[in-house]
Amino acid sequence: MSRPGFAAILRMTLTAIYTFIAVLIQCSVFPHLRIFGVIPEFTLTVIVCVACREDEKFTSVLAVCAGFLLDTVGSGGFTLSPLLFLLAAAVSIAVKDAFRNKFAPSLISAAAALTVGAVKTLVLLCIKGAPFAAALAGTVLPQMLYGAIVFFPAYLLTALHYTVFRKSLAQKNGIRGVLNER
């Protein structure tokens, strides 16, 4: 087993910091930007986008940690976010090599993750006594729509992070393709 180099460790550290910032934004900014009373799954979309570009083991650990952090910092209590995030990362890992670009697997994974997140929300609301139709129309569908809207900035920021990181390392080291995407 080879050890990761300094560039890989730096990339993973920055990715973890960006994910932590996404959790903080989701818990501090987005509650004030509710649309139809829902908060988007911003951290979930970031995890999906990272999973399409990063190592599988690192992504899995990052997804679970982000889920636990979101459940801890967020006001919703324990909502199975670590399991949802790990499932989203697993879908991203499974489909990322099927496409030449990273947008298609990110979009597929985000759609799957937002659907699973919507089902999770629907189940939690129904367990708390909300009528199925009201929970679906009043919370789940707006949450999916809001998640779809937030996916695009999350994807662009993630793509920018990996592009800038790759170019700056290539210029510094005088080589091409420092960041291998498989």
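Among the chymotrypsin sites (Phe, Trp or Tyr not before Pro) found in region 1-41, those both in a DSSP coil and sparsely packed, with 15 or fewer other Cβ atoms within 10 Å of their Cβ, are PHE36.
Summarised as an ellipsoid, region 7-173 has semi-axes of 29, 16, 14 Å, derived from the eigenvalues of the Cα gyration tensor scaled by 5 and square-rooted, with the largest first.
Here the Karplus curve 6.51 cos²θ - 1.76 cosθ + 1.60, taken at θ = phi - 60°, turns the phi angles of region 111-123 into couplings of 4, 5, 5, 5, 5, 5, x, 5, 5, 4, 4, 4, 5 Hz, with x standing for Gly and Pro. Based on Cα contacts under 8 Å between residues 6+ apart, region 1-74 shows a relative contact order of 34 percent. Just to confirm the filter: which trypsin sites (Lys or Arg not before Pro) across region 55-142 are DSSP coil and have at most 11 other Cβ within 10 angstrom of their Cβ? Answer by residue number: ARG100, LYS128. Taking every alpha-carbon pair under 8 Å whose residues sit at least 6 apart, the chain reaches a relative contact order of 25 percent.
In a reduced charge model with +1 at each Lys and Arg Cβ and -1 at each Asp and Glu Cβ, the chain shows a dipole moment near 520 debye about its Cα centre. Which chymotrypsin sites (Phe, Trp or Tyr not before Pro) in region 50-148 sit in a loop by DSSP (not H, G, I, E or B) and have at most 11 other Cβ atoms within 10 Å of their own Cβ? Within region 50-148, the qualifying chymotrypsin sites (Phe, Trp or Tyr not before Pro) (loop, at most 11 other Cβ atoms within 10 Å) are PHE78.
Only the coordinates and a few stated rules stand behind these numbers; no lab work does. Quick caveat, the model's predicted, so the values are computed rather than measured. As a convention, Cβ positions derive from the backbone with ideal geometry for all residues, glycine included, and neighbour counts pool all protein chains shown.
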